[in-house]
There are 2 protein chains.
Amino acid sequence: MLKPVQKKSLSDSVFEQLRAEIISGRMEPGSTLPGERVLCEMLEVNRGAVREALKRLEQARLVSVQHGGSTTVLNFRETAGTDLLSTLLVTPEGELDTQVARSVMEMRSALASDIARLCAKRGREVAGPLAEVVEQMGANRKDLVALQALSLSFWGLLVEASGNVAYQLAFNSLRDSYARFSHLLTRVLADELTDLKNYKAICEAIAAGEAEDAEFYSRDLMEIGERQIVRVLDTLDRVKE
Amino acid sequence: MLKPVQKKSLSDSVFEQLRAEIISGRMEPGSTLPGERVLCEMLEVNRGAVREALKRLEQARLVSVQHGGSTTVLNFRETAGTDLLSTLLVTPEGELDTQVARSVMEMRSALASDIARLCAKRGREVAGPLAEVVEQMGANRKDLVALQALSLSFWGLLVEASGNVAYQLAFNSLRDSYARFSHLLTRVLADELTDLKNYKAICEAIAAGEAEDAEFYSRDLMEIGERQIVRVLDTLDRVKE
DNA sequence: GCTGGTCAACTGGTATGACCAGTTTGATTT
DNA sequence: AAATCAAACTGGTCATACCAGTTGACCAGC
């Protein structure tokens with residue numbers, strides 16, 4: 001399968017470079033960035049490119065820039081939003097950050113169960129489309145990659161029907177993080193993806209408006225995958241020592 | 001109390017204007033934005049300002065711009081991160097969006113209980129500083145505004161000690177949303193803020209490493225505030241009809 | 001009739017150099 | 001020592017030119 005080649009603009013490169021410096025900690029929170037004109041020289045680009053990159057960093061809450069003053073590095077852990085997760089998931093060395101991965105899995109479990117609960121409470125109309133997805137999962141029970149996509153659809157429907165935008169936005173960030181490593185997780189999540197019984201149970205609980213059941217089965221389902229992934233992460237950590 | 005006046009740059013204004021158009025739905029997802037040069041004319045600013053604003057919109061995942069092609073509006077509900085919450089909390093008319101507020105409160109409850117649980121599991125060393133905050137809360141039990149700040153410190157410590165970056169980043173967005181209306185919530189949250197017994201119970205559960213207790217008391221505490229706020233939100237909705 | 005090439009007219013991306021507007025600094029004045 | 005003020009920073013705005021992808025109409029050539 002061929003993928004579209006990714007093309008980066010200058011300001012994108014500048015942005016990524018500065019972001020890496022900040023996230024890695026090489027630029028400490030509170031320290032000041034070089035002036036725009038200096039950055040131009042160092043990076044050998046024009047000032048417009050630098051400014052566009054700085055605006056993006058500001059939007060991501062990684063830096064704070066003030067007219068006349070200087071641009072300072074923020075403590076992103078205390079300011080950034082969840083959209084930074086997919087970036088944090090990759091260490092400066094390009095490897096998977098296991099601690100961040102654990103965080104993502106924990107959040108996934110917590111959100112999923114509450115999403116299902118809310119859905120049973122006030123989004124029962126989604127049970128129909130949901131059942132269709134589960135049916136397709138049944139038809140593709142041997143194709144893990146297809147199941148991955150269907151599972152994402154399943155939870156996408158659920159989170160939308162939950163009527164909770166906060167969860168939806170957090171879900172977006174989790175999904176983006178997931179996308180970065182989905183190919184590695186296909187097999188690790190096999191048990192969860194093929195647990196059709198649980199998907200159906202969630203579906204039925206929502207259709208029946210049984211919030212507690214929906215919450216219970218979701219938590220159960222999530223814990224299956226979380227357990228497996230944590231096991232892999234623990235192994236990874238042990239190997240690296 | 002005087003507050004520093006906020007000074008907006010041109011690109012900030014452009015950004016906010018376009019963001020409002022997108023969030024309000026006046027610009028539909030999938031539709032294309034006018035070209036940069038056209039925007040310049042319409043907004044009467046130079047192209048640099050427009051481009052900086054577009055970069056920020058891109059970073060916030062509200063639009064997608066491609067070289068040579070056109071700039072299209074994204075469905076922010078399916079792409080943005082939690083940092084958009086504080087913006088969504090205010091309707092185009094400048095009022096509080098009660099549905100978003102409910103979402104925020106629900107997420108708060110879900111996160112808080114899991115944060116406390118994780119803290120008891122692997123962040124017990126925070127019990128000391130935590131106890132200090134609780135002690136200060138006791139000393140200021142009559143000053144609701146002080147209690148608000150201390151409560152934020154309490155949860156800030158907790159989320160940091162939980163060792164879960166995903167929760168920390170989500171917490172940042174919740175905190176920002178909260179900040180916008182904290183003055184209105186001072187009295188509504190009075191019962192929660194003065195429930196010292198519960199704060200202490202959480203504190204002790206964490207010190208003892210009792211994850212289930214920490215989770216239970218947190219959920220209990222959050223539900224106090226959530227119940228009150230939901231009651232107010234329901235009233236607001238009823239009045240507006 | 002289809003494929004593939006070419007070209008013009010879009011779109012956004014980069015570059016430059018000037019100037020405006022706040023902030024900081026430090027020498028000067030009181 | 002404290003207040004003052006002007007240079008020398010910093011970022012913000014601007015106009016203009018040109019580079020670089022994208023699109024679609026058009027036109028060979030098989």
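Details
- Scanning the stretch A:33-58 for residues that are near DNA strand D (Cβ under 8 Å from one of its atoms), of a type outside the set (A, V, I, L, M) and more than 14 Å from every other protein chain (Cβ to nearest Cβ) yields A:Pro34, A:Gly35, A:Arg37.
- Among residues of the stretch A:54-101, those that are touching a Ser or Thr at 6+ places or on another chain (Cβ under 6 Å) and under 23 Å from B:Asp176 (Cβ atoms), counted: 13
- Scanning the stretch B:47-94 for residues that are open to solvent by 40 Å² or more (accessible area, probe 1.4 Å), within 16 Å of DNA strand C (Cβ to nearest atom) and of a type in the set (Lys, Arg) yields B:Arg47, B:Arg51, B:Arg61.
- Just one of the listed residues (A:Leu184, A:Leu189, A:Leu196, A:Leu236) is in contact with a helix residue (DSSP H, G or I) (Cβ under 7 Å, 6 or more places away or on another chain), open to solvent by 30 Å² or more (accessible area, probe 1.4 Å) and farther than 25 Å from B:Met107 by Cα, namely A:Leu236.
- Residue selected from the stretch A:95-149 under the condition under 21 Å from A:Val230 (Cβ atoms) and in contact with a Lys or Arg (Cβ under 8 Å, 6 or more places away or on another chain), by the criterion most open to solvent (accessible area, probe 1.4 Å): A:Leu144
- Residue count for the stretch B:27-46 satisfying the condition of being touching a helix residue (DSSP H, G or I) at 6+ places or on another chain (Cβ under 7 Å), more than 10 Å from DNA strand C (Cβ to nearest atom) and under 16 Å from B:Thr72 (Cβ atoms): 1.
- Residue within the stretch B:61-74 that is on the phi > 0 side of the Ramachandran plot and either within 15 Å of DNA strand D (Cβ to nearest atom) or in contact with a Pro (Cβ under 7 Å, 6 or more places away or on another chain) (or both) present: yes
- Close contacts from the stretch B:13-35, counting a first residue that is outside the structural domain of B:Val90 (by TED's automatic domain parsing) and a second that is away from DNA strand D (no atom under 16 Å from the Cβ) and assigned to a helix (DSSP H, G or I), with Cβ to Cβ under 6 Å and a gap of 6+ residues or different chains, come to B:Met27/B:Glu21.
Conditions (1) modelled with pLDDT of 95 or more; (2) surrounded by fewer than 23 Cβ atoms within 10 Å (Cβ to Cβ), marked per residue:
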{"position": "A:Leu157", "(1), (2)": "yes, yes"}
{"position": "A:Ser173", "(1), (2)": "yes, no"}
{"position": "A:Arg180", "(1), (2)": "no, yes"}
{"position": "A:Ala214", "(1), (2)": "yes, no"}
{"position": "A:Tyr217", "(1), (2)": "yes, no"}
{"position": "A:Gln228", "(1), (2)": "yes, yes"}
{"position": "A:Val232", "(1), (2)": "yes, yes"}
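- Qualifying positions in the stretch A:27-46 - open to solvent by less than 80 Å² (accessible area, probe 1.4 Å) and over 27 Å from A:Glu93 (Cβ atoms): A:Gly35, A:Glu36, A:Val38, A:Cys40
- Top-ranked residue in the stretch A:1-26 [being open to solvent by 100 Å² or more (accessible area, probe 1.4 Å) and within 16 Å of DNA strand C (Cβ to nearest atom); ranked as farthest from A:Val145 (Cα to Cα)]: A:Gln17
The values are calculated or read from the model by the stated rules, or taken from the named source; none is laboratory data. Everything quoted here is computed from the prediction, not taken from an experiment. Using ideal geometry, Cβ is built from the backbone for each residue, glycine included, and neighbour counts are taken over all protein chains shown. The protein model used for the area step is the full one, side chains on, heavy atoms only, and it has no ligands, DNA or RNA in it. Shrake-Rupley method; radii C 1.70, N 1.55, O 1.52, S 1.80 Å.
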